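Sending over a structure as structure tokens; questions will come in a sec.
The values are calculated or read from the model by the stated rules, or taken from the named source; none is laboratory data. Since we're looking at a predicted model, the values are computed, not measured. Cβ placement follows ideal geometry from the backbone for every residue including glycine, while neighbour counts extend to all protein chains displayed. Ligands, DNA and RNA are excluded from the accessible area calculation, which covers all protein heavy atoms including side chains. Shrake-Rupley method; radii C 1.70, N 1.55, O 1.52, S 1.80 Å.
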Amino acid sequence: MGVQGGRPPAMNIVVLVKQVPDTATERKLNPADNTLDRASSDGVINELDEYAIEEALLLKEKHGGEVTILSAGPDQATDSIRKALSMGADKAIHLNDEALHGSDSLQTAYALAQALRTTEFDVVVLGSESTDARTGVVGAALAEYLGLPQLTLANKVDIDGGTIRIQRQTDDGYDVVEAQLPAVVSVVEKINEPRYPSFKLIMAAKKKPVTKLDAAGAEIDPAKVGLANATTETVDFAAAPPRAAGTVVKDEGTGGVQIADFLASKKFV
Amino acid sequence: MSHRLSEEYEELRRSVEAFAHEVVAPVIAGHYERGEFPYEIVARMGEMGLFGLPFPEEYGGMGGDYFALCLALEELARVDSSVAITLEAGVSLGAMPIFRFGSAEQKKTWLPRLCSGEALGAFGLTEPGGGSDAGATRTTARLEEGHWVVNGTKSFITNSGTDITALVTVTAVTGRRPDGRPEISAILVPAGTPGFSVGQHYSKVGWNASDTNELVFEDCRVPEENLVGERGRGYAQFLRILDEGRIAIAALSVGLAQGCVDESLRYAAEREAFGRHIGHYQAIQFKIADMEARAHTARLAYYDAAARMLAGEPFKKQAAIAKLVASNAAMDNARDATQVFGGYGFMNDYAVGRFYRDAKILEIGEGTSEVQRMLIARELGLPA
């Protein structure tokens, strides 16, 4: 980034958006290859990615620039891309190739890194994990592939010139982490409150450019992606056991003690 | 021929649905119980552009249309009617008369603030002695040295006494016609004008988180240019506003009716009686099926009225039908949903109890059910 004409430099912000099955519906895996059965439930934007979009929009409002959505996924991911554009992002890149089907976290990070090389950016923002796979490693792996600093679990982001500073949420407070741009930032839900799309932006979203990108276009090596080349494999799956009935504590003078003992036995206190 | 929503309408509907569940539902029962106006919810509705839905972008609107407003009203009312009526009155009674009939100056001055939701407008039509008989207006406005001097009282005026109320457009007698009938005009009175005061705050059966007041005008002076539209056209103007408003109230009623289905379905799947969830019993199933049928048919009725209005076709009869059947559906569904909930339905902790209290006004406001029948009969050519 260079300072031009005395004005603060505009920023190119890329937000990584993943379409995931709606957590409000019953989600299924496909027994044939142990990957997600996308037909079984509606696709929605991964919830934490909505916070990432909001943070990118706030950064744009403060510093100027452009917000680009990058999403890797099949055709139906266009719904989530349009929703992201309805929130106020300027344009999108849709990485869509059958060769990517079944890619694990590392392969996904590699593919996203390749797609990012097709565009200019100062900062990449993403949710710290997805509600489906929940590996939480894509941001870190992506930074590694790009050779860029990673600032993870941010609940606050500040950019000043070429420096980015975040508060990284920890169990008992936060760390302040700083890096030089460009950088990769993953966010947690405490960071902001995502906006609801307005009708004006919903209508405008239809006219915003969405660049279609396939594996070849992103110079993705087909031998490094897809189910057959995955570094990890889902070998089996089972439904979560039904929730057991709760224990009713009848208070006959010792209710408080019983509840305290229970919490202590579960290491809550 | 299709009543399926286009992509943009569907996305708006989903956006408002999410807002209603995430922002309104968790807190509104508290506001309702305390009779508090939900300022922070209204502010967020403004941020997402709901108050500007049917207005052009040049006035800070969303460039949408009246049907977009109706969809938003339905989704809000599925969760809460106080919030929905605040939007309905703010847009179709507060801002719409200025947009439709106001001068270029009035539009420029008021619409951006009203569209953003930072300010609310109100419409003062009903009086203590005249509701359905709107022609019996007693409030007067006489022209005196370049000012209108307004005197009179208005009843049941929504959004008229909040901290963010910016104006009320009042109908007033401004003279006599040659045939002796009163000449009625609409006059814009900004909040805070000396002589304009908010009278008694009502204790209402429902809509308890919305703002409804009596307004008193005592030698209240506003500049002559605060006339909205043409002098003597006040009556014709508010008839147009009321025709549109009926579609909006129908949409709001459908929302309440659908909210009753939502709540009953949830409860039928969790409440047990005689060893099974009550959803297994035909007594409950048939009630819920009837509720869904009423909500669905009423929705089609308001979609049809809105489509005709947007196409520039006559819609008076369809709007009256939509308002009549939708408010009936809301009332019937609220009664049935409360019954599904049994004793809990009578508790204010449950949404259906609130729906029950909020439903009755829908058969009264923006033209009673009797007025709707009268309008339908006239449209059929029966003698006036």
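Within the range A:241-261, find all residues whose amide N lies under 12 Å from a label point positioned 7 Å from the Cα of B:GLU272 along Cα-to-beta-carbon.
A:245-246
Treat every Asp and Glu Cβ in the range B:246-294 as -1 and every Lys and Arg Cβ as +1, leave all other atoms uncharged, and give the resulting dipole magnitude about the Cα centre to the nearest 20 debye. It would help to have the intermediate numbers written out before the result.
Values: 6 positive and 6 negative charges, 24 e Å.
That gives the range B:246-294 a dipole magnitude of about 120 debye.
Under a 1.4 angstrom probe, counting protein chains only, how are B:PHE238, A:PHE121, A:PHE268 ranked by accessible area, largest first?
Numbers: B:PHE238 0, A:PHE121 40, A:PHE268 150 Å².
Listed by decreasing accessible area, they come as A:PHE268, A:PHE121, B:PHE238.
Quick one: if you stick a label point 7 Å off each Cα along the C-beta vector at B:SER103 and A:LYS190, how many nm between them?
Inter-label distance under the simple model: 5.6 nm.
Continuing with the same structure: If I require 27 Å or longer along the helix axis, counting alpha carbons, and a Kyte-Doolittle average no lower than 0.0, what helices from chain B are left? Use full DSSP H segments. Let's see the in-between values first.
Working: long enough: B:234-270 (53 Å, 0.41); B:282-310 (41 Å, -0.07); B:316-341 (37 Å, -0.11).
Result, helices passing both filters: B:234-270.
Compute the distribution of all C-alpha to C-alpha distances in the range B:180-283, in bins of 5 Å from 0, and list the percent of pairs in each, rounded to whole numbers.
With 5 Å bins starting at 0, P(r) equals 2, 9, 9, 11, 14, 13, 10, 7, 5, 5, 5, 5, 3, 1, 0.
For the range B:7-120, what is the convex hull (Cα atoms) projected area averaged across all directions, in square nanometres? Mind showing how you got there, number by number?
Details: hull surface 25.8 nm².
So the Cα hull casts an average projection of 6.5 nm².
Just to make sure I understand: if all protein chains stay in place, what is the order of B:PHE156, B:PHE315, B:PHE274 by accessible area at 1.4 Å, largest first?
Details: B:PHE156 135, B:PHE315 20, B:PHE274 195 Å².
Highest to lowest solvent-accessible surface, that is B:PHE274, B:PHE156, B:PHE315.
Report relative contact order for the range B:7-120 in percent, whole number only (criteria: Cα-Cα under 8 Å, sequence separation at least 6). Provide the component values of the computation, followed by the final result.
On the way: 135 pairs, mean separation 35.2, N = 114.
Computed over the range B:7-120, the figure is 31 percent.
Compute the helix-to-body angle for A:47-63: its Cα long axis versus the longest principal axis of chain A, expressed 0 to 90° and rounded to tens.
It is inclined by approximately 40 degrees.
Still on this structure: Lysines within cross-link reach of B:LYS323: Cα-Cα under 25 Å, excluding same-chain residues under 8 positions apart?
In chain and number order, the partners are B:LYS154, B:LYS204, B:LYS287, B:LYS360.
Could you tally up the Lys pairs in the range A:11-229 with alpha carbons closer than 17 Å? Skip any pair fewer than 8 positions apart unless they're on separate chains.
20
Would you please classify the overall shape of the protein assembly as shown from the alpha carbon gyration tensor, given that a ≥ b ≥ c denote the square roots of the eigenvalues, rounded means a/c under 1.5, and beyond that prolate means a/b larger than b/c while oblate covers the rest? Show your work: numbers first, answer last.
Numbers: a/c = 2.07, a/b = 1.55, b/c = 1.34.
Here the protein assembly as shown falls in the prolate category.
Along each of the three principal axes of the Cα atoms of the range A:76-135, give the extent in whole Å, ordering the values from largest to smallest.
Principal extents (largest minus smallest coordinate, Cα): 30, 25, 25 Å.
What are the radius of gyration and Dmax of the range B:122-232, computed over its Cα atoms and given in Å?
Spelled out, the Cα radius of gyration and Dmax of the range B:122-232 are 13.8, 45 Å.
If you count only protein heavy atoms and use a 1.4 Å probe, how large is the accessible surface of B:ARG113, to the nearest 10 Å²?
In the full protein context, B:ARG113 sits at about 110 Å².
Per residue of B:22-29, how many C-beta atoms from partner chains lie within 10 Å of its own C-beta, taken as a mean? Each step should come with its number before you reach the end.
Working: counts 3, 2, 0, 0, 0, 0, 0, 0.
Per-residue shielding by partner chains comes out at 1.
Amide H neighbours of A:SER103 under 5 Å, at least 5 residues apart or on other chains, H built in the peptide plane: list them.
It is A:GLY226, A:LEU227, by chain and number.
Follow-up. For B:GLU313, A:GLU233, B:GLU244, B:GLU10, give the ranking by accessible area with the largest first, probe 1.4 Å. Mind showing how you got there, number by number?
On the way: B:GLU313 85, A:GLU233 150, B:GLU244 0, B:GLU10 50 Å².
Descending accessible area places them as A:GLU233, B:GLU313, B:GLU10, B:GLU244.
What's the average, rounded to a whole number, of partner chain beta-carbon atoms within 10 Å of each residue's beta-carbon in A:197-210? Could you put the intermediate results ahead of the total?
On the way: counts 9, 10, 21, 10, 5, 12, 8, 1, 3, 3, 0, 0, 0, 0.
Taking the mean over all residues of the peptide, I get 6.
Just counting partner chain Cβ atoms within 10 Å, what average do the residues of peptide B:9-19 show around their Cβ?
Working: counts 2, 1, 11, 7, 0, 5, 10, 3, 0, 3, 2.
Counting other chains' Cβ atoms within 10 Å and averaging over B:9-19 gives 4.
Which order do the peptides B:102-108, B:365-371 take when ranked by the mean count of other beta-carbon atoms within 10 Å per residue, highest first?
Top of the packing list down: B:365-371, B:102-108.
At what distance in angstrom do the alpha carbon centres of the range B:132-186 and the range A:156-172 lie from each other?
Centre-to-centre distance over Cα atoms comes out at 58 Å.
When all protein chains stay in place, what accessible area (Å², nearest 10, 1.4 Å probe) is found for A:LYS62?
Solvent-accessible area, nearest 10 Å²: 140 Å².
Let me ask you something else. What is the spin-label model distance, in nm, from B:ARG138 to B:GLU379 if the labels are put 7 Å beyond Cα along the C-beta direction?
The answer from the label model is 3.3 nm.
When only Cα pairs under 8 Å and 6 or more residues apart are kept, what is the percent relative contact order across chain B?
Values: 748 pairs, mean separation 61.2, N = 384.
Taking the mean separation of contacting Cα pairs over the length of chain B, I get 16 percent.
If we sort A:74-83, B:195-204 on the protection proxy, mean other Cβ atoms within 10 Å, highest first, what's the order? Working shown, then result.
Values: A:74-83: 18.4, B:195-204: 14.0.
Those peptides, ordered most packed to least, come out A:74-83, B:195-204.
Also: Roughly how many Å² is the accessible area per residue of chain B, as a whole number, for a 1.4 Å probe?
Values: 16110 Å² over 384 residues.
Counting only protein heavy atoms, the per-residue value for chain B is 42 Å².
What residues have an amide H closer than 5 Å to that of A:VAL185, excluding those fewer than 5 places away on the same chain, when H is modeled at 1.01 Å from N in the peptide plane?
Amide H neighbours of A:VAL185: A:VAL124, A:VAL125, A:LEU126, A:LEU151.
Specify the residue with the greatest mean-square fluctuation among B:ILE288, B:ILE157, B:ILE278, computed from a Gaussian network of chain B linking alpha-carbon atoms under 10 Å apart.
For chain B, modelled as a Gaussian network with Cα springs under 10 Å, the answer is B:ILE278.
Another question, then. Please give the total accessible area that chains A and B bury against each other, computed with a 1.4 Å probe and expressed in Å² to the nearest 100. Please list the in-between numbers first.
Values: alone 15400 and 16790 Å², together 30780 Å².
Summing both chains' loss of accessible area gives about 1400 Å².
Relative contact order, percent, of chain A when contacts are C-alpha pairs under 8 Å separated by at least 6 residues?
Values: 510 pairs, mean separation 59.8, N = 269.
Value for chain A: 22 percent.
Then there is this: For the pair A:ALA228/A:ALA264, report the inter-label distance in nm, with labels modelled 7 Å from Cα in the Cβ direction.
6.0 nm
For the pair A:LYS62 and A:ASP171, what calculated FRET efficiency results from E = 1/(1 + (r/R0)^6), where r is the Cβ-Cβ distance and R0 = 51 Å, to the nearest 0.05? Spell out each step's value before the answer.
On the way: r = 30 Å, r/R0 = 0.58.
Computed FRET efficiency for A:ASP171 and A:LYS62: 0.95.
Any idea what angle helix A:105-116 forms with the longest principal axis of chain A, computed on alpha-carbon atoms, 0 to 90 degrees, nearest 10?
The answer is roughly 20 degrees.
Just to compare against my own numbers: the Cα pair-distance distribution for the range B:139-188, 10 Å bins, whole % per bin, please.
Final binned percentages: 23, 46, 25, 5, 0.
May I ask for log10 I(q)/I(0) of chain B at q = 0.08, 0.11 Å⁻¹, from a Debye sum over the Cα atoms as equal point scatterers with solvent left out?
Listed by q, the Debye log ratios stand at -0.40, -0.75.
In terms of the Cα gyration tensor, with a ≥ b ≥ c the square roots of its eigenvalues, is the range A:11-229 rounded because a/c is under 1.5, prolate because a/b exceeds b/c, or oblate? Present the calculation step by step, with values, prior to reporting the outcome.
Details: a/c = 1.38, a/b = 1.27, b/c = 1.09.
Rounded shape, in that the Cα axes give a/c under 1.5.
By average Cβ neighbour count within 10 Å, what is the ranking of A:94-107, B:115-128 from highest down? If you can, show how the numbers build up before the last one.
Numbers: A:94-107: 19.6, B:115-128: 23.1.
Order by mean packing, descending: B:115-128, A:94-107.
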